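Notes follow once the structure below has been shown.
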Amino acid sequence: MAASCSSSSSAGACGSILQSTADQLLLEVKREAEESGSISEDLVSALLFVFQAPLHQALDLLDRGSVTRYYCTAGRELYRVRGSGGRFYTCLTSSDYCSCPSFVYTVLVKQDSLLCKHLLAVQLGRALSAGARGHVGSREGEEEGKSSSLPTVDEVCVTDEEFGRMLMIASGEMDTTVPPGGEGPR
């Protein structure tokens with residue numbers, strides 16, 4: 001993590017402060033994207049400080065169009081992210097969950113990161129997509145009425161039944177075992 005805590009009793013407070021900072025930064029991404037159709041270098045630097053290495057990987061996933069939001073008429077949503085190796089992972093924003101092995105090991109077990117690259121791509125994609133929808137034709141040299149070039153998240157509406165099947169599949173995706181020696185995914 002970008003910040004370290006010196007004792008186990010302060011680790012919870014430190015994690016809470018870092019999570020709050022991350023949440024504020026994601027709100028700032030949305031605000032800047034809405035206002036200008038881009039995000040500032042200062043904001044990218046702050047994101048890099050908080051999220052570190054997964055930030056670059058998450059931005060790469062967004063640039064490649066690897067994030068898709070699935071929603072149903074019941075109002076539920078989930079995200080499918082095509083990882084860099086081509087495998088799909090399911091992310092739930094309501095509980096900050098990803099089905100990838102890195103989420104289990106790096107986020108939950110070791111607590112080295114707030115989010116895995118897939119979940120961070122989803123969170124950034126949500127903020128940038130909201131910003132792209134709110135920003136129309138205000139950048140210099142941009143034609144009036146032309147939308148922003150920020151990466152966005154594809155959206156697919158599915159039936160409630162299809163959504164249920166997707167959740168069932170997602171529940172079988174996660175391997176929660178940590179290999180002998182305690183080494184996580186590579």
TODO: Determine whether ASP42 is at pLDDT 95 or above and over 14 Å from the mean Cα position of the chain (by Cα).
DONE: yes
Open item on the list: Please go through region 32-87 and give me each residue that is over 21 Å from GLN19 (Cβ atoms), of a type outside the set (Gly, Ala, Ser) and assigned to a loop (DSSP other than H, G, I, E, B), ordered by number.
Closed with: ARG64, THR73, ARG76, ARG87
TODO: Give the number of residues within region 88-100 that are assigned to a loop (DSSP other than H, G, I, E, B) and in contact with a helix residue (DSSP H, G or I) (Cβ under 9 Å, 6 or more places away or on another chain).
DONE: 4
Open item on the list: Any residue in region 97-117 that is touching a residue at least 40 places away in the same chain (Cβ under 8 Å) sitting within a Cβ distance under 8 Å of a residue that is of a type in the set (D, E, K, R)? List the pairs, counting only those 6 or more apart or interchain.
Closed with: SER99/GLU173; PRO101/ASP175; SER102/LYS117; VAL104/ASP175; THR106/ASP112; LEU115/ASP96
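The values are calculated or read from the model by the stated rules, or taken from the named source; none is laboratory data. Given the structure is predicted, the values throughout are model-derived calculations rather than measurements. Cβ coordinates were reconstructed from backbone atoms using ideal geometry, including for glycine residues, and neighbour counts include every protein chain displayed.
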